[in-house]
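Below: one structure, written as structure tokens.
The values are calculated or read from the model by the stated rules, or taken from the named source; none is laboratory data. All values reported here derive from a predicted model rather than from experimental measurement. All Cβ positions, even for glycine, are placed from backbone atoms using ideal geometry, and neighbour counts span all protein chains on display. For accessibility, only protein heavy atoms count, side chains too; no ligands or nucleic acids. Shrake-Rupley method; radii C 1.70, N 1.55, O 1.52, S 1.80 Å.
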Amino acid sequence: MDDRQMLVDHVKGYINSHPNMNMNLAREMSKFVQNLYDMQVQQGNTIELQKKTMASQRKSIESLIALLKQDQIIKSII
């Protein structure tokens, strides 16, 4: 069972333990918790993508610096 399903089951258990709770409120609470979890997962995915992008940018900058250094060496020889 994944984390999202455990969270959904927990919310359902909470709702079931409060039989006087308005069912519309219970449904909305359940949707809210599921959406909140999904947003956290999406944020985690976005952060991982940003890390990969930053690593790629860093490599590009390092390559550019290396080329600029080579260019300076060639100019100093000429």
Are any of the residues in the stretch 31-39 open to solvent by 90 Å² or more (accessible area, probe 1.4 Å) and over 19 Å from the mean Cα position of the chain (by Cα)?
yes
Picking from 70, 34, 42, the residue that is without any contact (Cβ under 8 Å) to a residue 24 or more places away in the chain, under 20 Å from residue 4 (Cα atoms) and of a type in the set (S, T, N, Q) would be 42
Just need a number here: residues in the stretch 20-56 that are under 19 Å from residue 10 (Cβ atoms) and among the hydroxyl-bearing types (Ser, Thr, Tyr).
2
I'm told residue 27 meets every condition in (1) open to solvent by 70 Å² or more (accessible area, probe 1.4 Å); (2) over 30 Å from residue 7 (Cα atoms) except one. Can you identify the failing condition by its number?
(2)
